[in-house]
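So the structure is just underneath, and the comments pick up after that.
Computed from the coordinates by the stated procedures, all read-outs in this text should not be read as laboratory data. Since the model is a prediction, treat every value here as computed from it, not as a measurement. Heads up, the Cβs are rebuilt from the backbone with ideal geometry, glycines too, and the neighbour counts pull from every protein chain shown.
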Amino acid sequence: MLFPGYSSQFVGMGKELYDSSRVVQEYFEEASNCLGINFVKLCFASSDAELAKVTHAYPALLLVGVSTAYRILELYPDMTISCVAGYGIGEYSALTLAKVLSFPDGLYLLSKLSQFYTALREELDAKSVIVNGLTARKLKQICEEHNVPGACAHIAIYENKHDHVISGHCDAVNAIADSASDAGADRVKEIDLIEGFHTPLLYGLAEQLKMYLTKVDFKDPQIPLIMGINGKETCLAKKAQDAIIRQIAEPFHWDTVLKQFASVDVIIIPAPSKALVAEVREHFPHKTVVGIDTVADLQNLRAFIKNKTSDDILDEGTFSEVASAL
């Protein structure tokens, strides 16, 4: 399973599953009680601008992603999850599904992170751009040529072989963007800094969040968990804890994360993200990639999994139960 990050949110996400599943409804109730936010109103009846606020989007994405994942597991109790990961703050959903964090603790940490980021962003002279068409080596070279004390930028996200996000001081990012275009980049586009994250400029934010980790109980993953800080499986609670702190101020290796899914037959994205579904399908054109946001999506997933019955993923009895539940 893969969980999307910030910018995948939209008003109405998860509505069909909420209307048809008591499990999803219970997660909405719990999240609303934990944070004092009416998530039914926020997710289904607010505005794009209101939902896009970091303090709203972060916990809302965790809520919708985790509740959707558990709806899937309710319908397919014999399903084996080979590995789980998340893009950016989607890692918190992965941590929750892997039982490293409890659902309330995940909400708590994301609430704190979003509050700290909102306050810090007002003080930052920073921006992010995505560069398409240059290798990481070439882009690193360009960054090194333009970085000077007080004006630095670095690769924040390794998206894939030729796409990378640069984040840092505005002057440095602008200079690097110009040089990248001159060096033959296919496209250089500014994106919201919150999508870039993963920059040394946010080291203070990482230190702030670290203070609150002592209040949270981290446990060893119960599902193979891939962390974006290095694209490797994390087996220990302490390493998972360190990884979510480090990813705030260090590069996110999404390209390496995806490599860990090379041996998986079906990749499930249990949250609304057409962009992530399209990206993963492009990366793995011969794999089945299923995004789940509606009842119809669950029915499609049933069809995909049923094709795997010869591999003993689910038995026919389970399919009869699932069909009646949908």
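Here are some notes:
- For the range 124-196, the equivalent ellipsoid built from the Cα gyration tensor has semi-axes of 17, 13, 10 Å, listed from largest to smallest.
- Cα-Cα separations in the range 229-295 greater than 14 Å, expressed as whole percent: 65
- Seen from a random direction on average, the alpha-carbon convex hull of the range 146-271 projects onto 9.7 square nanometres.
- The 3J(HN,Hα) values that the Karplus relation (6.51, -1.76, 1.60; θ = phi - 60°) gives for the range 249-255 are, in residue order, 10, 10, x, 9, 9, 5, 4 Hz. Gly and Pro appear as x.
- Only Cα sites of the chain enter the Debye sum here, all with the same form factor; the resulting log10 I(q)/I(0) across q = 0.11, 0.16 1/Å is -0.69, -1.40, listed in q order.
- One decimal place: the segment Val11-Arg121 gains 37.2 nm when fully extended, by the rule 0.36 nm per residue minus the C-alpha distance.
- Label zone of Ser47 (point 7 Å out along Cα→Cβ, amide N under 17 Å): in the range 190-228 this covers no residue at all.
- Per-residue 3J(HN,Hα) values for the range 264-272, derived from phi via the Karplus relation 6.51 cos²θ - 1.76 cosθ + 1.60 with θ = phi - 60°, read 8, 7, 10, 10, 9, 10, x, 5, x Hz in sequence order (x marks Gly and Pro).
- In this structure the amide hydrogen of Ile89, modeled in the peptide plane, comes within under 5 Å of the amide hydrogens of Tyr6, none closer than 5 places in sequence on its chain.
- Under the Karplus curve 6.51 cos²θ - 1.76 cosθ + 1.60, θ = phi - 60°, whole-Hz ³J(HN,Hα) for the range 121-131, x wherever Gly or Pro sits: 4, 5, 9, 7, 9, 9, 7, 9, 9, 9, 10
- For the chain, calculated [θ]222 nm from helices alone, where every DSSP H run of n ≥ 4 adds -39500 (n - 2.57): -15500 deg cm²/dmol
- Among Thr55, Thr214, Gly184 - extreme Cα towards positive end, dipole of the chain, charges at beta-carbon: Thr214
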